[in-house]
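Trainee: Pasting a structure here, questions to come.
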Amino acid sequence: MAKTYLTLFILLIISTQIKAQQYGLFNTRTLFDAFENPAQPAFALDSSRQYASNFLLPYFGLNAANKGESNYVLSDLINHGKYNTDNVPIGNNNRNKIYENSNVYLLTFRIFQSYKYHKELGFSWQVRTDGYADYTNETLVAFGDYSRFTSSQNGLFNGHGYGQSYHQFSMTYRENVDKRLSLGVKLSLLSGITYNKIDITQSSIAVDPATNALSVGLSGNYESNYLRASELSTKSFLPNFKNPGLSAGFGTTYNAKSGVTIIANVKDLGFIRWNKDSHSINIDNQEVTVAQDPSLIPTEGLVSQNTLDKELENLFINSDKQKSFYTPTNAKADFLISKTFGSYKPNFIVSKNLFYAGGDVAFVNTMKFGQYSASLTPAYNMIGFMMLGLQGMYQTPNFEFFLGSDNLLRTAKIKQVASVSSGYTGASVYLGLAIKFGYVVEHPQNSSYMPGVGDGANETGFFHKLFRMFKKDGD
């Protein structure tokens, strides 16, 4: 089981692809920008139509990267479909890091609600995944060919990692506070799909030449909403709210007189409650023993067909306790500063995960050519990855299409044979398409109909009402 899960985990990361959050789309006023940065507008007066949606058309970002000598294993998986650890060196506790993140908007719908305060209301359904692991070469080899271990050592299997996926149903709202400042909020209902977290704090390996036996000792804990693959089915990946959660995000955009734009957000601050059938396993210095060479007559207490992954599976199952638990979502804090110089618009962005490892520093360089634009984005991921992104976009007031990669060079090399000097293996792709329809949102003096005009003389924005309430309380 363990080898199968590990192989599937690696393949999942490669096929769902390191996420830099599609920074080339920040400050573009696309539908994606408006849902990810809730204070951002998606509509332009006198140009855009009243409604916007992706109509279930592609709107996603898929990303992953792996750093370390496990690149050999990933290369064989990609090129030959084989789990081969022969070229992975062991005995030195060399570490690897793997990082995955995807964001898929299945459906979006946004409304230009009112001319006054430029109110916009949006609804979306998206599926998100986040994953990170810090693991050793020896961990990979143990599930591939554990007969390579010939000496006793401690700490070779220490490591930690997590993976979480969930549906996110959101409502976003934004409005202008004044001519320069706008505020936005995103409130979400979550439905957990899968969760896995492991933390091995102590480990040991002992080899007995006399009996040709291998003993592995472990201390640590493991949490998951499933323990066996049979617990998952097609229905498990549909939203059912057996693992409910909530999240909230809020942001602001400020356009200074000097032409400088500042965007700041706190995103996806929330939690998921995994149901009472979930699994919580605590292992305290427990040991499993197997014969390294099944062809030899096993010693007393050993069975020749036993394998290490099977014995570890039994160890985890025997220590299992089913109960509910809570996990945080991968909340982020983002900051952007930008200024346009003719056709050139640079964006400097800092994004930091609040509860999990990771974050990014990116410098987006965008050149606009009429309705077309191209962006080049060097970025540094705080886990230790350097990336170079490229994006192309076609955008009119009522139509947008974009295609890009946050990790262009590594994506282009994904089919090459890995080497230690290659640094890391990574892949990334994102694309999206959205259309606006309905009435054109013109200024009142230009149109016989305008959302929010004539609907009520005393119309007030939500944030204006909120500020007024606090002001009265302070008087």
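Trainee: When the stretch 222-257 is examined, which residues are found to be of a type outside the set (Phe, Trp, Tyr) and over 23 Å from the mean Cα position of the chain (by Cα)? Please lay out each step first, then the result.
Mentor: Of the stretch 222-257, the ones of a type outside the set (Phe, Trp, Tyr) are 223-225, 227-236, 238-240, 242-249, 251-253, 255-257.
Selection gives 228, 230, 231, 253, 255, 256, 257.
Trainee: For the stretch 39-157, list the strands (runs of 3 or more DSSP E) that sit wholly inside it and hold at least 3 residues that are in contact with a Leu (Cβ under 6 Å, 6 or more places away or on another chain); which are they?
Mentor: Per the criteria, 95-114.
Trainee: Inside the stretch 329-344, can you point out the residues that are closer than 26 Å to residue 374 by Cβ, of a type outside the set (Lys, Arg) and either exposed (fewer than 14 other Cβ atoms within 10 Å of the Cβ) or touching a strand residue (DSSP E or B) at 6+ places or on another chain (Cβ under 7 Å) (or both)?
Mentor: Result: 334, 335, 336, 337, 338, 341, 342, 343, 344.
Trainee: Return a yes/no flag: does the stretch 201-222 have any residue that is within 20 Å of residue 327 (Cβ to Cβ) and of a type in the set (Asp, Glu). Break it down stepwise before answering.
Mentor: The first filter runs over the stretch 201-222 and keeps only residues within 20 Å of residue 327 (Cβ to Cβ), leaving 201, 220-222.
Now restrict to residues that are of a type in the set (Asp, Glu): none.
Within the stretch 201-222, none of the residues are within 20 Å of residue 327 (Cβ to Cβ) and of a type in the set (Asp, Glu).
Trainee: When residue 326 is evaluated against the numbered criteria (1) part of a strand (DSSP E or B); (2) hydroxyl-bearing (Ser, Thr, Tyr); (3) surrounded by 14 or more Cβ atoms within 10 Å (Cβ to Cβ), which criterion, by number, is the only one it fails?
Mentor: Failed condition: (3).
Trainee: Oh, and also: From the residues in the stretch 219-237 that are modelled with pLDDT of 90 or more and farther than 15 Å from residue 195 by Cβ, which one is surrounded by the most Cβ atoms within 10 Å (Cβ to Cβ)?
Mentor: 220
The values are calculated or read from the model by the stated rules, or taken from the named source; none is laboratory data. This is a predicted model, so every value here is computed, not measured. Here Cβ is always computed from backbone atoms with ideal geometry, including for glycine, and neighbour counts include all displayed protein chains.
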